[in-house]
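The numbers here are math on the coordinates, done by the rules we state, and not lab data. Note that this is a predicted model, so its numbers are computed, not measured. Methodologically, a virtual Cβ is constructed for each residue, glycine included, from the backbone with ideal geometry; neighbour enumeration extends over all protein chains shown.
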Amino acid sequence: MGLVRRFAVSGAVLWFLLCRSEPARAQDSILGFTAASATREAAIEKKFKAIPSPEEERRQHRVFTSEPHVAGSARNNELARYMADVWRQEGLEDVVIRRYDVYGSNPKHTSLEMVAPVHYRAGLRELPVPGDPDLKNKSISSAWSGMSASGEVTAPVVYAHSGNPEDYDLLRKQGIDVKGKIVLVRYSNPYSYRGFKALTAEREGAAAILIYSDPAEDGYKKGQVVPKGPWGPEYHIQRGAITYDFMVPGDPLTPGWASVPGAKRIPVEEAVSIPKIMALPLSWHDAKPLLANMDGPLAPDDWQGGLPIKYHLGGKRVRAHVKIEMDNSTQPYYVVEGRIRGAELPDEWIVLGNHRDAWVFGGVDPSSGTASMMELARSLGKMAKQGTHPRRTVVFCSWDGEEVGLTGSTEWGEQFADELRNKAIAYINVDSSTSGPDFHGQAVASLAPMLVESTRTLQDPSGKTLYEAWKEATAREKRIAKDPAEVTDSNLADTRIGSGSDHTVFLNFVGMPVLGLQFDGPYGVYHSAYDDFFWMNHFGDPGYRYHTVMSQLWGVLALRLANADLLPFDFASYADNVRQFVNELSKGKDMSQLDLKPVLDGIDEFETAGERLDESVSAALAAGAIDGKRADAINHGMMQVERNWLNPDGIPGRPWFKHILYGARFTYAHLELPGLTEAVEKQDWVTAKQQAEILQHALEHNAKLVDQLAAILKDSGDSTK
Ligand SMILES: [Zn+2]
């Protein structure tokens, strides 16, 4: 809808266009650009897109995946210095390494032994496979969970399926209590964030949680395993943090402010994001002896997994000893920051980021993204050296400790929140850039049209445009999900944004529009040692062509935001999206206690204002030159819209999360209208009413603001005629 609306040309404008000596060249039209600027932009992009090369992507990927580089490790810090050096050589400016002293979480000892009915000592190791010498590296860690509690317990083991609340309800019905026991759960079926599994087990009173990768989810039941295929082999261990960062991300001891050296810190006991339960991830090799020996009732059909055994609920016969000792001393995390200063508007920023820390080698997660970012930095650096600077500033950030609790990005976002609220236009996140050929693009709805438009100008390695390839991949996904909705330009970009990566602080705390980009594919080695250079070169992206397209797309988006005459925000399309959120909220629920009419009216107002602004913007761009002062006023006004979705008090119970349209569930799943939705789900109508009013006021506020912006442009249009 947004695109159609933006391109609709009113009669008066058409007359104006026809009278001009040089008609606008439609083939060069770009959202936010006048015809002349679009022609210039197309030439810049053409030059830029020719720079990134698969050979360089591969070379950088090898640098970052040659050794394990977990957050806080000497290798990860060495990579920070390497990156800063390379960026300086490549022409990036103001390259700095920022330090945050955070609550550490590193394993000193982890062990698991079955003590009855037979003895089995879990290896907690990932064995090498033929052809991949990296797997012989002595510094590959054993199994551990970030932010696990320390302790020791010997207790019966219960199989609790996926470890979600409904699973414990079923156990209770079978008379099985998990208090003081060890629960064994699998990662998916359905997927939920492992931290949510840990919190659920903690609330149920379990003494420890073991989380294993069942072959039904990411192993041989899916297809060929490493080294023959992309799925997880017998010994693969999905490491990962169990941090309760759905309560507040970042350093648990500085919730809401930055962990710069010397910052105030809260006592550990008061930190809501630190789990109190022991946790350990397992390969199916180590989980199988436990499962195979369990007694108790047979587990239900949908609890049965991919191992050739009957899964039982357990609870008596199998007893195990778990021991975990963590080192929680303070440790420094390092964020690398560099920029290409804008030639005309240096105080307007486009922020790009990827995390550097990996559980082991990080073949996909995150070093594919790191390689794409390195190649993008080299390309934009080269352009700048040749004299082509963006109009606005492009900031590059390499985050640390994403895997622990989105820590580096959160601390940086908290440190610079005020400055970002004044200067930042958008944040573009690439975590894993490539695990296969299927493009997946996320954007807040106001930037979805420009994301879709940008993919039309890129070549997918399949030979189609990226836009066509994306549409086909999305249609396939929808068929698999049995979603009858047709793929159109207005629903191509995913506008449901949950948590689980570094965009979180920018969207939910700072109030910045965010985009997220990724190429997906069959990938069963996530967070294991097998996610490495070998895997990428055999399965993920052997020719590094998708890595290269990612650098190109990331750069085109940054350049369009950096060079636009009028920022390419589409608020009418945003309003339409918010309406969908509200409709979904009410679907199938008794809403008689809550009047959503004022909210829907607010959405209409915001949409009408957005349409008016779209029209004035189209007219102004079609008319050619836009007076710089007015453009500044419009652009700064547009930047303010996203900030206006913030409620300083945050969503009920989670004050750090301030955005009223976007949030995430404890599982990390996207949660639209978080405050309102959670209140409706709890049937807490008093809170629901308050949240609806907050939403209504924000909508009215933004409708007024956008209307004013349209008026400013309209005046300028009238005066030039
Ligand atoms: Zn990641």
Note down the relative contact order for the stretch 596-721 as a percent, whole number, built from C-alpha pairs under 8 angstrom at least six residues apart. 41 percent
Cβ density ranking, 10 Å radius, fewest first, applied to 531, 357, 286 yields 286, 357, 531
What is the percent of Cα-Cα separations in the stretch 491-531 that go past 13 Å? 66 percent
Whole-Hz ³J(HN,Hα) for each residue in the stretch 371-381, computed from phi via Karplus 6.51 cos²θ - 1.76 cosθ + 1.60 with θ = phi - 60°, x for glycine and proline: what do you get? 4, 4, 6, 4, 6, 5, 4, 4, 5, 6, x
Can you put 298, 507 in order of Cβ neighbours within 10 angstrom, beginning with the fewest? 298, 507
Under the classification rounded if a/c is under 1.5, otherwise prolate if a/b is larger than b/c and oblate if not, where does the stretch 503-642 fall, given a ≥ b ≥ c as square roots of the Cα gyration tensor eigenvalues? oblate
In degrees, nearest ten, helix 685-720 long axis to first principal axis of the chain (Cα): 30 degrees
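In what sequence do 273, 432 fall when counting other Cβ within 10 Å, fewest first?
Ordered by Cβ neighbours within 10 Å, fewest first: 273, 432.
Treating the beta-carbon of each Lys and Arg as +1 and of each Asp and Glu as -1, no other charges, what is the dipole magnitude of the stretch 307-438 about its Cα centre, to the nearest 20 debye?
500 debye
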Mind running the shape call on the stretch 175-297? Use the C-alpha gyration tensor, a ≥ b ≥ c as the square roots of the eigenvalues: rounded below 1.5 for a/c, prolate if a/b tops b/c, oblate otherwise. oblate
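Given +1 on the Cβ of Lys and Arg, -1 on the Cβ of Asp and Glu, and no further charges, what dipole in debye does the stretch 37-138 carry about its Cα centre, rounded to the nearest 20?
Roughly 140 debye, rounded to the nearest 20.
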Cα-based helix-to-principal-axis angle, 54-65 vs the chain, degrees rounded to 10: 40 degrees
What 222 nm value per residue comes from the helices of the chain, counting each DSSP H run with n ≥ 4 as -39,500 (n - 2.57) and dividing by all residues, nearest 500 deg cm²/dmol? -12000 deg cm²/dmol
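Using the Cα gyration tensor of the stretch 573-721, with a ≥ b ≥ c the square roots of its eigenvalues, what is the shape: rounded (a/c below 1.5), prolate (a/b larger than b/c) or oblate (neither)?
Prolate, because a/c is 1.5 or more and a/b exceeds b/c.
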Local electrostatic count, residue 171, Cβ distance below 15 Å [Lys/Arg +1, Asp/Glu -1]: +1
Would you grab the residues whose amide H sits under 5 Å from the one on residue 278? Only those 5+ places off in sequence or on another chain, please, with H modelled 1.01 Å from N. 149, 209
Would you pull out the residues with amide H under 5 Å of residue 206's amide H, same chain only if 5 or more places away, H placed 1.01 Å from N? 180
Using all alpha carbons of the chain, what is the percent of pairwise distances in each 10 Å bin, ordered from the shortest bin to the longest? 3, 15, 24, 26, 19, 9, 3, 1, 0
From the phi of every residue in the stretch 124-133, what ³J(HN,Hα) in whole Hz does the Karplus formula 6.51 cos²θ - 1.76 cosθ + 1.60 yield, where θ is phi - 60° and glycine or proline is x? 6, 10, 10, 7, x, 10, x, x, 10, x
At residue 669 and residue 173, where each label point lies 7 Å from the Cα along Cα→Cβ, what is the point-to-point distance in nanometres? 1.9 nm
The ³J(HN,Hα) series, computed from each phi in the stretch 215-226 with the Karplus coefficients 6.51, -1.76 and 1.60 at θ = phi - 60°, rounded to the nearest Hz and given as x for glycine or proline, is x, 5, 9, 9, x, 4, 5, 8, x, 4, 9, 3
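As a quick test, which of the pairs 49/464; 179/288; 179/310; 228/464; 658/689 have an alpha carbon distance above 20 angstrom in this structure?
In this structure, 179/288; 179/310; 228/464 exceed 20 Å between Cα atoms.
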The stretch 638-679, relative contact order [Cα under 8 Å, separation at least 6], %: 25 percent
In the chain, what % of DSSP beta bridges are antiparallel (nearest 5)? 55 percent
Treat every Asp and Glu Cβ in the chain as -1 and every Lys and Arg Cβ as +1, leave all other atoms uncharged, and give the resulting dipole magnitude about the Cα centre to the nearest 20 debye. 1140 debye
Quotient of C-alpha Rg and 2.2 N^0.38 Å, computed over the stretch 89-147: 1.89
Residue 295's amide H: which non-local residues (gap 5+, or another chain) put their own amide H closer than 5 Å, with H modeled 1.01 Å from N in plane and none for Pro or chain starts? 314, 315, 316, 317, 318
Between the Cα axis of helix 571-586 and the main Cα principal axis of the chain, the angle (0 to 90°, nearest 10) is 40 degrees
What does the convex hull of the alpha-carbon atoms of the stretch 513-571 project to on average, in nm²? 5.7 nm²
Compactness ratio of the stretch 359-495: Cα Rg over 2.2 N^0.38 Å, N = residue count? 1.20
Let me check against my output: what whole-number percent is the relative contact order of the chain, with C-alpha pairs under 8 Å and at least 6 apart? 18 percent
